[in-house]
1. Any idea how many residues of the stretch 86-117 are more than 16 Å from the chain's Cα centre (by Cα), surrounded by 15 or more Cβ atoms within 10 Å (Cβ to Cβ) and not in a helix (DSSP H, G or I)?
2. What tally of residues in the stretch 71-85 results from selecting those that are surrounded by 13 or more Cβ atoms within 10 Å (Cβ to Cβ) and either assigned to a helix (DSSP H, G or I) or modelled with pLDDT of 95 or more (or both)?
3. Within the stretch 46-60, which residues are part of a helix (DSSP H, G or I) and either farther than 26 Å from residue 162 by Cα or in contact with a strand residue (DSSP E or B) (Cβ under 8 Å, 6 or more places away or on another chain) (or both)?
4. Going by the structure shown, is residue 219 assigned to a helix (DSSP H, G or I), more than 25 Å from residue 51 (Cβ to Cβ) and at pLDDT below 95?
5. In this structure, is residue 135 in a loop (DSSP other than H, G, I, E, B), loosely packed, with under 15 Cβ neighbours inside 10 Å and free of Cβ contacts under 8 Å to residues at least 24 places away in the same chain?
6. Determine, yes or no, whether residue 162 is surrounded by fewer than 17 Cβ atoms within 10 Å (Cβ to Cβ), under 24 Å from residue 200 (Cα atoms) and either in contact with a helix residue (DSSP H, G or I) (Cβ under 8 Å, 6 or more places away or on another chain) or at pLDDT below 95 (or both).
7. Which one is surrounded by the most Cβ atoms within 10 Å (Cβ to Cβ) among residues in the stretch 165-194 that are under 30 Å from residue 134 (Cα atoms) and free of Cβ contacts under 8 Å to residues at least 40 places away in the same chain?
């Protein structure tokens, strides 16, 4: 599903060159979308139906973490710092810098991918929150406060969308241990941000899981969409090149030497 070219702009294939590699990427992105969209839909239905086992799991995790948090101020401070690292302001700064770098490298399509994916994710989160309308956890002695609705977690969704976008953009230009380090760091950061929202008592476990699933589904959808556009553009370029080559052939025979 990587979409980052190794050259300043992805060039069109020579006439007659197959586009199977891009076709495979489209299929993989579509399959990834299905694999995460179905669990998200199921999670949303269970939240809306107030499924008893899910409610028990959510409340149990909330209460256990809250009991620990109220007696460990250092833990709360660490969780607040982790949560702040995944805030909308931080992601706005990071993605603005990334988009600026992509434009400087003359990669406008990748810059557009980053902007559309991030902005669309924020809008989608707001729409789903309004639709589900789940209230945040209520605690007698809260260690943190947050505004708005609860499902899905905006921090969790932003984290997985942001880090997936960064990996899609930069993994193709990383090699060896750097690739493993980037993936591991992204996974740890995403999980830490999600956990911090539960530990601070501002989200349920299912809110965070829902945010992860919705964010992953959105990135898969955007990756598939942009790859379809790329396939279409390259096929059109290949057809135009082939027609131009045919038009340059002498009529009635092979071209002269």
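The values are calculated or read from the model by the stated rules, or taken from the named source; none is laboratory data. None of the values given here were measured: they were computed from a predicted structure. Cβ atoms come from the backbone with ideal geometry, glycine included; neighbour counts cover every protein chain shown.
1. 1
2. Quick first cut of the stretch 71-85, residues surrounded by 13 or more Cβ atoms within 10 Å (Cβ to Cβ) only: 72, 75-76, 78-80, 82-85.
Next cut, either assigned to a helix (DSSP H, G or I) or modelled with pLDDT of 95 or more (or both) only: 75-76, 78-80, 82-85.
So the count comes out to 9.
3. Passing the criteria: 46, 48, 52, 53, 54, 55, 56, 57, 59, 60.
4. yes
5. Values: in a loop (DSSP other than H, G, I, E, B): yes; loosely packed, with under 15 Cβ neighbours inside 10 Å: yes; free of Cβ contacts under 8 Å to residues at least 24 places away in the same chain: yes.
Answer is yes for this residue.
6. Against the criterion (surrounded by fewer than 17 Cβ atoms within 10 Å (Cβ to Cβ), under 24 Å from residue 200 (Cα atoms) and either in contact with a helix residue (DSSP H, G or I) (Cβ under 8 Å, 6 or more places away or on another chain) or at pLDDT below 95 (or both)), residue 162 does not qualify.
7. Ranking the candidates gives 190 first.
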